[in-house]
Amino acid sequence: MPVKIPELPYDQDALAPHISEKTMAYHYGKHHLGYFNKLSAATDGTDLEGLSLEELIHRSSGDPELKGIFNNAAQVWNHSFYWHSMAPSGGGMPGGGLATLIKRDFGSFDAFLEEFKSKAASQFGSGWAWLVVDAGTLKIVTTSNADTPITQGVTPLLCVDVWEHAYYLDYQNGRADYLDVFFADLVDWSFAEKNLP
């Protein structure tokens, strides 16, 4: 196997009631694990075996013959990044250098929140919303399906998963409600700050 499945940084019930243990059991224990198992099956015994997730993503990105490997590797990586973008005692406002950068690049924290939630809520179908650093500037980007910003020359700081399986059991089709809770009670600003280049 190229890598071990990344472990959750907290217990499966740690984000309740905001994200239920049942959602985590399905999302991490079935979806995330499923991507990892498919990736392992596709790379075992090949010249890709033993590569890191990042190496697999970069090696397979844009190669039609390796699309399945890209999709599964990127989904494993994206999900791992998402788990770390949240914390049981998360939420609220960022501090330190990140707060300064958000004010510089978005005008205010409220303006940042409005733009992030708007882009995440309007992402058509399945995908992700990210806070990234692009050429020294903070930006909010969305990606569809398994696409990931690490192939686009930017540095991700945090992300939120807007695939329905991330929130449907707890919020039904209320993606906007889920996003409100993500920022009010879950987002781990310290993780985002650690990712600053």
- Query: Quick one: if the Förster radius is 41 Å, what FRET efficiency do Tyr168 and Thr100 give, using the C-beta to C-beta distance and rounding to 0.05?
  - Reply: 0.70
- May I ask for the angle, rounded to the nearest 10°, between helix 67-84 and the longest principal axis of the chain, with both axes built from Cα atoms and the value confined to 0 to 90°? 40 degrees
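Set the Förster radius R0 to 25 Å, insert the Cβ-Cβ distance between Glu49 and Asn145 as r into 1/(1 + (r/R0)^6), and round the FRET efficiency to 0.05.
Details: r = 25 Å, r/R0 = 0.99.
Rounded to the nearest 0.05, the efficiency is 0.50.
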- Query: So what's the back-of-envelope 222 nm ellipticity for the chain, counting only DSSP H runs of four-plus at -39500 (n - 2.57) apiece and dividing by all residues, rounded to 500?
  - Reply: -12500 deg cm²/dmol
- Please state the relative contact order of segment 27-111 as a whole percent: Cα pairs under 8 Å, 6+ residues apart? 26 percent
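Taking R0 as 30 Å, what FRET efficiency do you get between Leu196 and Leu33 from their Cβ-Cβ distance, rounded to the nearest 0.05?
On the way: r = 30 Å, r/R0 = 1.01.
According to the calculation, E is roughly 0.50.
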- Task: Quick one: give the max-minus-min coordinate of the C-alpha atoms of segment 35-106 along each principal axis, largest first, in Å.
- Result: 47, 27, 17
- Task: Any chance you could list P(r) for the chain, counting all Cα-Cα pairs in 10 angstrom bins from zero, rounded to whole %?
- Result: 9, 36, 36, 17, 2, 0
- Message: Explain nothing, just compute: Karplus ³J(HN,Hα) = 6.51 cos²θ - 1.76 cosθ + 1.60, θ = phi - 60°, for every residue of segment 190-197 in order, whole Hz, x for Gly and Pro.
- Response: 5, 5, 4, 5, 5, 7, 4, x
- Query: Helix 109-122: angle to the longest alpha-carbon principal axis of the chain, degrees 0 to 90, nearest 10?
  - Reply: 40 degrees
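Quick check: convex hull of the Cα atoms in segment 104-195, volume per residue, rounded to a whole Å³? Don't jump to the answer; show the numbers that get you there.
Working: hull volume 8.7 nm³, N = 92.
Residue-normalised Cα hull volume stands at 94 Å³.
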- Over segment 51-110, with neighbouring protein chains present, the accessible area per residue in Å² at probe 1.4 Å is 45 Å²
- Query: Summing Lys, Arg as +1 and Asp, Glu as -1, what charge do residues with Cβ under 15 Å from the Cβ of Ser52 carry, Ser52 excluded?
  - Reply: -2
- Task: Just read off the accessible area of Glu49 with the full protein assembly in place, 1.4 Å probe, to the nearest 10 Å².
- Result: 80 Å²
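Under the 0.36 nm per residue contour assumption, what length would be gained going from the current alpha-carbon distance of Asp177 and Asp13 to full extension? List each step's numbers first, then the result.
On the way: separation 164, 0.36 × 164 = 59.04 nm, distance 1.98 nm.
So the chain would gain 57.1 nm between Asp177 and Asp13.
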- Expressed as an acute angle from 0 to 90° and rounded to the nearest 10, what is the orientation of the C-alpha long axis of helix 33-43 relative to the principal long axis of the chain? 40 degrees
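Whenever you get a sec, compute what percent of the accessible area on the chain sits on carbon and sulfur atoms (1.4 Å probe). Kindly include the intermediate steps, with their values, before the conclusion.
Values: 4600 of 9130 Å².
Taking all protein chains in place, the chain shows 50 percent carbon and sulfur surface.
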- Task: Pull out the extension gain between Ser89 and Ser20, defined as 0.36 nm times the separation in residues minus the alpha carbon to alpha carbon distance; nm, one decimal.
- Result: 23.4 nm
- Query: What is the distance, in nm, between label points placed 7 Å from the Cα along the Cα-to-Cβ direction at Ala121 and at Thr155?
  - Reply: 3.1 nm
- Message: Using a Gaussian network model on the chain with a 10 Å cutoff between Cα atoms, which of Tyr168, Tyr28, Tyr178 fluctuates the most?
- Response: Tyr168
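First check a/c for segment 143-197, with a ≥ b ≥ c the square roots of the eigenvalues of its C-alpha gyration tensor; if it is under 1.5, answer rounded, and if not, answer prolate when a/b is larger than b/c or oblate otherwise.
Numbers: a/c = 3.59, a/b = 1.43, b/c = 2.51.
It is oblate, given that a/c is not under 1.5 and a/b is not larger than b/c.
The values are calculated or read from the model by the stated rules, or taken from the named source; none is laboratory data. Since the model is a prediction, treat every value here as computed from it, not as a measurement. Neighbour counts are summed over all protein chains in view; Cβ atoms, including those assigned to glycine, are modelled from backbone coordinates with ideal geometry. All accessible areas refer to the heavy atoms of the entire protein, side chains included, with ligands and DNA or RNA removed. Shrake-Rupley method; radii C 1.70, N 1.55, O 1.52, S 1.80 Å.
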